[in-house]
1. Please report the antiparallel percentage of DSSP beta bridges with both residues in the chain, rounded to the nearest 5.
2. Relative contact order of the range 361-446: what whole-number percent is it, with Cα pairs under 8 angstrom and at least 6 residues apart?
3. Averaged over all directions, how much area does the convex hull of the C-alpha atoms of the range 233-291 cover when projected, in nm²?
4. Which of the peptides 226-239, 354-367 is most tightly packed, and how do the rest follow, judged by the mean count of other Cβ atoms within 10 Å per residue?
5. For Tyr142, Tyr207, write out the residues from largest to smallest accessible area, computed with a 1.4 angstrom probe and no ligands counted.
6. Once every DSSP H run of n ≥ 4 in the chain is given -39500 (n - 2.57) and the sum is divided by its residues, what mean residue ellipticity at 222 nm do you get, rounded to the nearest 500 deg cm²/dmol?
7. Explain nothing, just the number: relative contact order of the range 249-401, from Cα pairs under 8 Å at least 6 residues apart, as a whole percent.
8. Please give the Cα centre distance for the range 179-232 versus the range 97-126, rounded to the nearest Å.
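The values are calculated or read from the model by the stated rules, or taken from the named source; none is laboratory data. All of these numbers come straight from a predicted model, not from anything done at the bench. We place every Cβ from the backbone using ideal geometry, glycine too, and count neighbours over all the protein chains shown. SASA here: full protein model, heavy atoms, side chains in, ligands and nucleic acids out. Shrake-Rupley method; radii C 1.70, N 1.55, O 1.52, S 1.80 Å.
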Amino acid sequence: MSAARKILGELLVKENIINLEQLDQARKDQKQMGGKLTSALVRLGFVRESEMTEFLGNQYGLPTIDLFNFEIDPEVSKLVPKQFCEKNNVIPVSRAGKNLVVAFSDPSNVFVKDDLSLLTRCKIDVVLASESAINNCIEKIYNSVSMQNVVSEIEDTEETLGVRSQVLDLVDQEASSAEDGPIVKFVNLMLSEAIKVKASDIHIEPYEKRFRIRFRIDGALYEKTQPPPGAAASIVSRVKILSRLNIGEKRRPQDGRLKVRMKNGREVDFRVNSMPTIFGEKIVLRLLDKSNLQVDLTKLGMEEDELETFKETLYLPQGLLLITGPTGSGKTTTIYSGLAELNKTDTNISTAEDPVEFNLDGINQVQVNSQIEFTFAEALRAFLRQDPDVIMVGEIRDLETAEVAFKAASTGHLVVSTLHTNDAASTVTRLVDMGMPPYIVAEAISLVVAQRLMRKICLNCIQDFKVPPEALLNLGIPKEELDQFSNLKKGEGCESCNGTGMKGRVAIFEFMKMTAAVKDAIFKGASPLELKRHALITDKMRTLRGSAIIKMKKGLVTLDEVLNSSVRDDV
C-alpha cells in the first residue's frame, strides 16, 4: 500500500467522513476488486462521490467541476486519445491558448499530468471531478466525434444485437456502397443501446448543419451520439428499410413496425413514424418492450384505497371505466393491468386499439384501420355481436364512438376506454361537449381515473433533503402537518441516473366516483371546477396534486418534481 493511499485513508478517518472499521473494509474490497481506495469507499456506500471529490479538492487545493452540467467542446477531446482518458480516468474540458484544463478523479497521479503535457504540448491545469462523471463524459464525447469511431468498436454486429433473422436479412440488396457497413452497424448499435437504457422513444432529427439522435428516458429527452450530418439520409433510409416503409416517399408521413430479437430470445417491437421536415425526414421509434410492461395492479403505484376502488369497478357487471390523461401518462399500462386482472377462462374480453401495442394472451385484440373505414365505432358494433363480457376501446375520439360505448355500458357490459383530458372532472364536460346527454353520462360512467407519471428519485444516490417550511405551505400543506415532511429525499446525481438524480417513474392518480352529489351536478350542467368541488366535499376525492404530495412524503419523488409536474388544484 502506498504512503499516499495510507495518508488518504487516515485523513478521511480524522475528518470523521468514515470510521476505522469502514476503512479496513474498504481496503479489503480494494484488494479484491482492484482500483482506488476512493472507488472502494464509494462502491461500498461509505462516502458519496461528490463528498469524496470535494474532500480531495480541499486536500490538494484544487477546484472541482460538475461535469454532468458542463458542456465540453468535442474539438478539445481530439487532443487526447480516448484510450489514454479511459486508462487514467481523465477528460480534457477546455482550452485557452496553450493552457488545457483537464478533469482528474485522482489528483495524486502527477505522472499523468506530465504525460498529458508532453502529449498535448500544453500547460495542464487540473480540476477535480467524480470518476463516474468522467466515465460518462468519455462515453458521450468520444462516441460523438465520428460515426466511424463508434462502429469500429463493434466487433460483431450480429453478436451485439442477435437480430440476423429479424433485422439483418432485410438489408437493401441494391445498396452496396462502402458506407453501408458502418451505417448498418450504427443503426443496430443505436437500437441496442436504446433497449439497454430502457428508452421509450428514439428521435432521429436532421437539421441544417447537424444531425442528432435523442433518447427519451423516464419521460425526459437526452441527446446521444451525433453522427456526421452527411450520414443523415443513409441512416434514415436504413431505418425505413427495416421498418418496411417506402424509401422513395419523402413528402408524406409513414407508419411502420420493426422487430428485434435479442440473443436470449427476448423480442422488442419498435413502432416507427417518419415525418418530412424542411431539412429531411425525422424518424421517431417507439419501443414496445413487453418485458417492461407491468400488468400487475399492485405495482401501478395506487394507494390501498385507490386500488380497492379500482378493483371494485373492474368487477362490476356493467358500466364505463374511463382512464384519462395526456399522451405518455401511462394510460395503456393501467388499462392492460386491469384487463390482466379480468383475464380468466370464464370472461370474454375484446379490445379495439390503434395501434395494438402489446399482445395479451387470452384477449381478443383488434387493430382498427381508418383507411378502410374500420373505426372504433365499427369495431364496437361488431363486438356487441360477439357475446362480450368486457370491451376495451382504445380512445373515445368522436360522438359516434361515444354513443356505441355508452350503449354497451348500459346494456350489461363493462367498457374500459381512454380520453385525453387534464383531470377527472373535465372528462365529463368533454363528453357532454361531444354531444352526449348529461343524464346518460352520469348514469353510465362508474369511475373516472386521471393519471400522470412522475420521475422517481434514484435509489443509488438518494439522500435526505431539508425543505423550507414556506415551500411546503405554498404547496398547500397545512401548518399542523409540516412535521410529517421534515425528512424528504432527493437524488444527488450519479452514473446510474446520468447525473439527474432521477431514475424510473411512478404514477399518480385522481379517482372521481359517480356519487349522488356528482351525478346531480352533472344533471345541472356543472363546470369542471364545480364538479371537482363536489367530489372533494362529498367523497373526499384525492386530487393529482394530493397524490403527488403522498409520493413525496414517502420519499419517492422530490419537491421540485411535484412543483414542476403539470398538476394543479384549482378549486
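1. If I count the DSSP bridges inside the chain, around 65 percent turn out antiparallel.
2. 25 percent
3. 4.2 nm²
4. Going by the mean number of other Cβ atoms within 10 Å, highest first, we get 226-239, 354-367.
5. Working: Tyr142 25, Tyr207 85 Å².
Largest accessible area first, the residues go Tyr207, Tyr142.
6. For the chain, the value works out to -11000 deg cm²/dmol.
7. Result for the range 249-401 is 14 percent.
8. 33 Å
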